[in-house]
Amino acid sequence: MKQSLLFTKTKREVSEEEKSLNAQLLIRGGFIDKLAAGIYTFLPLGLRVLRKIENIIREEMNAIYGQEILMPALTPKEIWETTKRWENFDALFKLKGIDSKEYALGATHEEVITPLMQKFVFSYKDLPQYIYQIQTKFRNEARAKSGLLRGREFSMKDLYSFHADEKDLNNYYEKVIAAYFKIFERFGLKEITYLSLATGGAFSKFSHEFQTLAQSGEDTIYICPKCKIAYNKEIINIITKCETCQLTLKDFKEAKAIETANIFKLGTRFSSSFGFKFIDKAGEEKDVIMGCYGLGPSRIMGTVAEVNNDKKGIIWPQSIAPYQIHLVLLSPQKALAKKAEGLYNELIKAGFEVLYDDREESAGIKLNDSDLIGLPWRIIISDKTDKVQSVEIKRRNSEKSELIKTDKLINFLKKQL
């Protein structure tokens, strides 16, 4: 992609109203645009990041036998009344259609997936099933002030599992935990992400969250230094020691964190509401047992920006960066511009993702923008490098740069990327 063709531009500053670091960096870098509190447009660079995040999640969900569907975002009032959540779910956006019927914008999809699966599951032979989607969610959030970390409109991957018994649910629950840690590893967040015990809210007595350490995090967790399990502040008053290794509470480490995923054992909470039953091996009718597993791609994007940065801008991990390489031309000479164009085409042909800064801007502006956008690798072409038939190459997360002969660049990059 030639940067001169991007309709978006970087910004030196953002509104003083934008307090969250992730929103400041993503807006300044031209990744997102704020329409209203908690509502953002994903611009070309930002949409590439979001799609890469979604695809990593998709790959790992498919690996644990998930089947992808896409459910409606517009949902009728009746299904929410069936589960008694029309009046009790405070975050629902409610509206009326032209026919005066009432609807809700999907805040979550238990009310949609349960009657859907009821049309296909009748016997124990039809179980288990694992169904997921990546969909836009809407919540009437009172505190939409944390950029992509707390939105009124946001993307969510929600996986639902359906089982004949608790043992099967428990086994799959552990598989999802392992899959989530693989996902966080691919995002470069595994080392600072903890499985945390939390209250179950409307679903169950307890649930699990995945909490990613961040100084700006809204949640407080207590980490067991021995087994690395964490506990959310909401439940810390009902335990005295670690349930895994028995270490006492006084030895736990307090930390701020961002909730980046959560998982619940729903049991029969929703299947019983809809009368969703199956015939077991003995010929008896039983309620289907369910689990749900949420992970937000847009929140992951905000989290990465929040924790992977320096004073110059974002530092994207290679797996989700919008492009792998930022090719920057620091000379107005036509002959050098022609060489840069040739190298750009050569890199593309070799299979690399390249953002080429061919704009008529000063060297300072280009270098500052490159740091702000934060692609993993920067390659500079200038009068200085041309004299020695080389390019200057630098990782975004390193202060050191080196000269590589132009004719050896492709092989060098193939080894690195």
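For (1) surrounded by fewer than 18 Cβ atoms within 10 Å (Cβ to Cβ); (2) without any contact (Cβ under 8 Å) to a residue 24 or more places away in the chain; (3) closer than 30 Å to residue 125 by Cα, each residue gets a yes or a no:
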| residue | (1), (2), (3) |
| --- | --- |
| 268 | yes, yes, yes |
| 274 | no, no, yes |
| 303 | no, no, no |
| 311 | yes, yes, no |
| 321 | no, no, no |
| 325 | no, no, no |
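Under 8 Å between Cβ atoms, at least 6 apart or on separate chains: pull out the pairs that start in the range 150-172 with a residue that is outside the structural domain of residue 133 (by TED's automatic domain parsing) and end on any residue that is assigned to a helix (DSSP H, G or I).
Close Cβ pairs (under 8 Å, with a partner that is assigned to a helix (DSSP H, G or I)) do not exist here.
State whether one or more residues within the range 349-358 are modelled with pLDDT of 95 or more, over 29 Å from residue 188 (Cβ atoms) and part of a loop (DSSP other than H, G, I, E, B).
Yes, because at least one residue in the range 349-358 is modelled with pLDDT of 95 or more, over 29 Å from residue 188 (Cβ atoms) and part of a loop (DSSP other than H, G, I, E, B).
Let me confirm something: among 340, 363, which residue is surrounded by fewer than 22 Cβ atoms within 10 Å (Cβ to Cβ) and not assigned by TED's automatic domain parsing to the domain that holds residue 215?
363
Pairs needed: first member in the range 209-232, under 16 Å from residue 261 (Cβ atoms); second member anywhere, surrounded by 20 or more Cβ atoms within 10 Å (Cβ to Cβ) and among the basic types (Lys, Arg); C-beta distance under 9 Å; at least 6 residues apart or different chains.
Partner pairs satisfying both residue conditions: 218/150.
Residues that are among the aliphatic types (A, V, I, L, M) and in the same structural domain as residue 157 (by TED's automatic domain parsing), at least 2 per element: which strands (runs of 3 or more DSSP E) completely within the range 1-102 meet that?
In the range 1-102, the matching strands (runs of 3 or more DSSP E) lie at 32-36.
Go through (1) in contact with a helix residue (DSSP H, G or I) (Cβ under 8 Å, 6 or more places away or on another chain); (2) basic (Lys, Arg); (3) modelled with pLDDT of 95 or more for residue 286 and report which single condition fails.
(1)
Please indicate, with yes or no, whether at least one residue in the range 189-198 is over 30 Å from residue 16 (Cβ atoms), of a type in the set (D, E, K, R) and out of contact with any strand residue (DSSP E or B) (no Cβ under 6 Å at 6 or more places or on another chain).
The answer is yes, given that some residue of the range 189-198 is over 30 Å from residue 16 (Cβ atoms), of a type in the set (D, E, K, R) and out of contact with any strand residue (DSSP E or B) (no Cβ under 6 Å at 6 or more places or on another chain).
Restricting attention to the range 364-386, does a residue exist that is of a type in the set (S, T, N, Q), part of a strand (DSSP E or B) and either touching a Pro at 6+ places or on another chain (Cβ under 7 Å) or free of Cβ contacts under 8 Å to residues at least 40 places away in the same chain (or both)?
No; the residues of the range 364-386 include none that is of a type in the set (S, T, N, Q), part of a strand (DSSP E or B) and either touching a Pro at 6+ places or on another chain (Cβ under 7 Å) or free of Cβ contacts under 8 Å to residues at least 40 places away in the same chain (or both).
Is there a residue in the range 38-45 that is free of Cβ contacts under 8 Å to residues at least 12 places away in the same chain, farther than 24 Å from residue 117 by Cα and surrounded by fewer than 17 Cβ atoms within 10 Å (Cβ to Cβ)?
For the range 38-45, residues free of Cβ contacts under 8 Å to residues at least 12 places away in the same chain, farther than 24 Å from residue 117 by Cα and surrounded by fewer than 17 Cβ atoms within 10 Å (Cβ to Cβ): present.
The values are calculated or read from the model by the stated rules, or taken from the named source; none is laboratory data. What you see is a predicted model, and the numbers here were worked out from it, not measured in a lab. All Cβ positions, glycine included, derive from the backbone under ideal geometry; neighbour counts span all protein chains shown.
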